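The values are calculated or read from the model by the stated rules, or taken from the named source; none is laboratory data. These figures come from a predicted structure and were not determined experimentally. Here the Cβ is made from the backbone with ideal geometry for all residues, glycine too, and neighbour counts use every protein chain on show. Areas reflect the complete protein model, heavy atoms only, side chains present, ligands, DNA and RNA absent. Shrake-Rupley method; radii C 1.70, N 1.55, O 1.52, S 1.80 Å.
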Amino acid sequence: MPYPQAPWTLQGYAVQTLQLIDIEKARPFIPSELEIISVWPGKTLGGIYISSYGSGSVMEYNELIVIAGLARYADKIGAWISHIYVDHLDSVAGGREIWGLPKEMAEFTWEKDNNRVIVRQGNRLLCRLSYTQPSLAFPLPLSAMSFGFLGSDLLLFKGEFQSRVGLVSGKLEVPTESSFARLNLGQPWFTVYCDELRLVAGVPEVVGQRSVEFSYS
């Protein structure tokens, strides 16, 4: 087995955006077993997370996570990850076989002098995110739940974060050729920069079963 068993501990830095997404745009990307949670009339909450995991991590790699919305299954609430990209083949295998996440390979370019990160898949630009440096940052522990499908099993798992978090200004570009352009992600509602990040991706639990066949759009 080329990857470690869960939980995975990952350390580095990240940029996270939050956006309001039209529920009608999110629906094709989210399995029908899940009820999309409305946080505003006709809107759910999503965004992107781009990170770089380095020394102290179970594997060193970059990652782009696209959250299509918040969802509910029975009494469980979590984020639905519609797209996820990394630049390490073992991370692809682990993400798919442990958490049921649709990981694919991509290339990441962090332009630290320009405060910008660019993610490409071959000749296709997936997104470009520009951000400012935080003027203030505070230690903040967070946890978030996410769903995944592994075969017919609906999984739920926790991500536990510890980081210095600072509010920044972010500008997101998602071209029409991007695989998640149809989510119609607008400009971020707000953006945070996470430094001294420590993330623990927890062991998933089975919370339900697939009732209809679903393929990631």
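Residues that are charged (D, E, K, R) and at pLDDT 95 or above within the range 98-117 comprise Lys103, Glu104, Glu107, Glu111, Arg116, listed in sequence order. Looking only at the range 147-175, which residues are among the hydroxyl-bearing types (Ser, Thr, Tyr) and under 26 Å from Pro31 (Cα atoms)? Within the range 147-175, just Ser152 meets the criteria.
The single condition among (1) in contact with a Leu (Cβ under 8 Å, 6 or more places away or on another chain); (2) closer than 17 Å to Leu185 by Cα that Leu125 does not meet is (1). When restricted to residues that are open to solvent by 50 Å² or more (accessible area, probe 1.4 Å) and touching a residue at least 12 places away in the same chain (Cβ under 8 Å), the range 154-176 contains 9.
For the range 177-193, a residue qualifies if it is surrounded by fewer than 16 Cβ atoms within 10 Å (Cβ to Cβ) and in a strand (DSSP E or B), and exactly one does: Phe190. Just checking, does the range 28-51 include any residue being crowded, with 18+ Cβ neighbours inside 10 Å, in contact with a Pro (Cβ under 8 Å, 6 or more places away or on another chain) and part of a strand (DSSP E or B)? There is at least one residue in the range 28-51 that is crowded, with 18+ Cβ neighbours inside 10 Å, in contact with a Pro (Cβ under 8 Å, 6 or more places away or on another chain) and part of a strand (DSSP E or B).
Output the residues belonging to the range 62-77 that are surrounded by fewer than 22 Cβ atoms within 10 Å (Cβ to Cβ) and out of contact with any Gly (no Cβ under 9 Å at 6 or more places or on another chain). Those that are surrounded by fewer than 22 Cβ atoms within 10 Å (Cβ to Cβ) and out of contact with any Gly (no Cβ under 9 Å at 6 or more places or on another chain): Asp75, Ile77. Entry remark, the range 194-217: residues being open to solvent by less than 50 Å² (accessible area, probe 1.4 Å) and part of a loop (DSSP other than H, G, I, E, B) number 3 in total. The residue of the range 113-138 that is farthest from Tyr13 (Cα to Cα), among those that are touching a residue at least 12 places away in the same chain (Cβ under 8 Å) and charged (D, E, K, R), is Arg124.
Please find, within the range 81-95, the residue that is farthest from Val66 (Cα to Cα) out of those that are open to solvent by less than 10 Å² (accessible area, probe 1.4 Å) and without any contact (Cβ under 8 Å) to a residue 60 or more places away in the chain. Only one residue tops the list, namely Gly95.
From the list Ser57, Ser52, Ser38, the one residue that fits, being more than 12 Å from the chain's Cα centre (by Cα) and under 18 Å from Ile118 (Cβ atoms), is Ser52.
The set of residues in the range 39-78 being hydroxyl-bearing (Ser, Thr, Tyr) and touching a strand residue (DSSP E or B) at 6+ places or on another chain (Cβ under 6 Å) consists of Thr44, Tyr49, Ser51, Ser52, Tyr53, Ser57, Tyr61, Tyr73. Scanning the range 129-148 for residues that are closer than 20 Å to Thr44 by Cβ, of a type outside the set (S, T, N, Q) and buried (at least 20 other Cβ atoms within 10 Å of the Cβ) turns up Phe147, Gly148.
In this structure, does Gln121 turn out to be surrounded by fewer than 15 Cβ atoms within 10 Å (Cβ to Cβ) and over 16 Å from the mean Cα position of the chain (by Cα)? Answer is no for this residue.
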